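The values are calculated or read from the model by the stated rules, or taken from the named source; none is laboratory data. Predicted, not measured: the structure shown is a model, and the values here were computed from it. In this analysis, Cβ positions are derived from the backbone assuming ideal geometry, glycine residues included, and neighbour counts consider all displayed protein chains. Heads up: the accessible areas ignore ligands, DNA and RNA and are worked out on the full protein's heavy atoms, side chains in. Shrake-Rupley method; radii C 1.70, N 1.55, O 1.52, S 1.80 Å.
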Amino acid sequence: MSTFSSMHSPSYSRSFICSSSINEKKNQRFVFSSFPRFSVPANAKVFLQCQANSHQNAVLMQDGAVATKVSPVEKETPIEKLKSELLSVTSSNEWDEKAGFDINENESTVSITVVGASGDLAKKKIFPALFALYYEGCLPKHFTVYGYARSKMTDAELRNIVSKTLTCRIDKRENCGEKMEEFLKRCFYHSGQYDSKENFAQLDKKLKEHEGGKVSNRLFYLSIPPNIFIDAVKCASSSASSGNGWTRVIVEKPFGRDSNSSAALTKGLKQYLTEDQIFRIDHYLGKELVENLSVLRFSNLIFEPLWSRQYIRNVQLIFSEDFGTEGRGGYFDHYGIIRDIMQNHLLQILALFAMETPVSLDAEDIRNEKVKVLRSMRPLRLEDVVIGQYKSHSKGGVTYPAYTDDKTVPKDSLTPTFAAAALFIDNARWDGVPFLMKAGKALHNKRAEIRVQFRHVPGNLYNRNFGTDLDQATNELVIRVQPDEAIYLKINNKVPGLGMRLDRSNLNLHYAARYSKEIPDAYERLLLDAIEGERRLFIRSDELDAAWSLFTPVLAELEEKKIMPEYYPYGSRGPVGAHYLAARYNVRWGDLGLDQSA
């Protein structure tokens, strides 16, 4: 069975220093995985074993050769003889030939192949993210970007398409235009079928020409429909994997439609890849505020003691978009809002929020804790789910279409464009605390946020100042993931003046006001992590299994019973049923407050 060559190494915190100029080598530190485990000749292994003990005695000769004193031996075994050869005066070329790699890390190269390069995701997200990394000096000295798709296109045509999507940071550095030209010169295109070994072999030949005999590390980004993932991986593994470096594959969601299809996809990928080579991307995990979640909790003493059922009344995970499917109806109708948003984005955020303190920041330690949370969750019941679908609505003289007005959507479609759910984690920390999720399209605003509502103050002396609405006196921590990133805490305080009048105010960390630096796009962070081999923000197969096992039964029930979605007007706050669901657990949705900062 053919598999990709791989380097297996533990993950680690990012060791890159991204300089403002790609030429400032002294400010760059590129740390990849350990040396390749596969395709390293036996004599190179001997070199690795003895290098640590012998490097202090090495002498650099004028011609660049390396000499090392070797103690004389009376009888040399074949291994000792080979060791003597490797440690004697050896030219740099001979060293490469014997060891199978260049000990200078800068002499390795990274080839990034975007499979599905003619698609919207590649043009709008992947190529701009790669350019941003290059612009910041975060990519290795030797790198090449290849677009691969079925469309017939030249290198120049690809560069022309990509150039229209590239932008520089808001600080508008003077060398922006030059950087774009330099980046585009490293972009190439190869046309081929996704299930053709011959086409991938041609790609391999082109990649080798650019790699120029250096240690070749290869990253494939599968920006293609999931039904052709396996074909593409099979062909790339047999025809275009690296022979002397690592090979990694980024896989875009959706990772199946249910437990069975997800398991089949994972099984198919693992015929040609090891788990360490598969990078399942969920771009929400690359969002700045999501990555800051663990820092906020584990690095601030005031929060960690409060992070439990003793002080937290409920947690809300809210995702809303103010537009409909807009041409994506065909894709969306096959999956729906629960599969598209809740089962991945929101559930991943929930797991990060609710996990126990990991042993370390190592990827496996963090992912182990996330899996424990997912496995502790109570099976989702149909009565704890509300679904909706947006209908046509006229406002201000403008008529907005219904979901079924989309020409790519069947007129009798029951696919939900809105869903709300109440989930519970049956463990000691979160027992009885409702985690409410809400996600929808064509709502009144665009927003993604986490809301933590704390319990009422026992025996609050100031209850009479709030009247009967005790929710007004409840502290609330809000982490706004997008747009306009912010973290704020709602507190009660006295209004200045005579008398005792209380007010609710925000302690606000507004990122745009606090930090002048532009927040990187999530794809930039995730692409850089994949190049480094950092897996912390990518989804492991057992995580995926646990997530699907939670949602698959209720999804099957919704489809088997043909549950009718509740209709809501385009641009509204969603179906009324979501409010009844929250009220059942004595919760009020936090995004319905009157204050505008909410």
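Before moving on, here are some points about what is shown:
- Entries of Lys391/Lys561; Lys234/Lys411; Lys253/Lys395 with Cα pairs more than 28 Å apart: Lys234/Lys411; Lys253/Lys395
- Of the trypsin sites (Lys or Arg not before Pro) found in the stretch 520-563, those in coil by DSSP whose Cβ has at most 16 other Cβ atoms within 10 Å are Lys561, Lys562.
- Computed lengthening from Ala263 to Arg504, 0.36 nm per intervening residue step minus Cα-Cα distance: 81.9 nm
- Taking label points 7 Å from Cα along the Cα-to-Cβ direction, Leu382 and Ala583 give a separation of 2.3 nm.
- Within the stretch 482-563, GluC sites (Glu not before Pro) in DSSP loop having at most 16 other beta-carbon neighbours inside 10 Å: Glu518
- Label point 7 Å beyond Cα of Leu361 along Cβ direction - residues of the stretch 262-295 with amide nitrogen under 13 Å: 291-295
- Charge dipole of the stretch 417-564 (Cα centre as origin; +1 on each Lys and Arg Cβ, -1 on each Asp and Glu Cβ, all else neutral): 800 debye, rounded to the nearest 20.
- In the complete set of protein chains, residue-level accessible area for Trp548 is approximately 10 Å², probe 1.4 angstrom.
- Sparsely packed chymotrypsin sites (Phe, Trp or Tyr not before Pro) within the stretch 482-530, loop by DSSP, other Cβ within 10 Å at most 15: Tyr515
- Evaluated over the Cα positions of the stretch 438-590, the convex hull gives a direction-averaged projected area, one quarter of its surface, of 14.8 nm².
- Distance between the pseudo-spin-label points of Lys164 and Ser196 (7 Å out from Cα toward the beta carbon): 2.5 nm.
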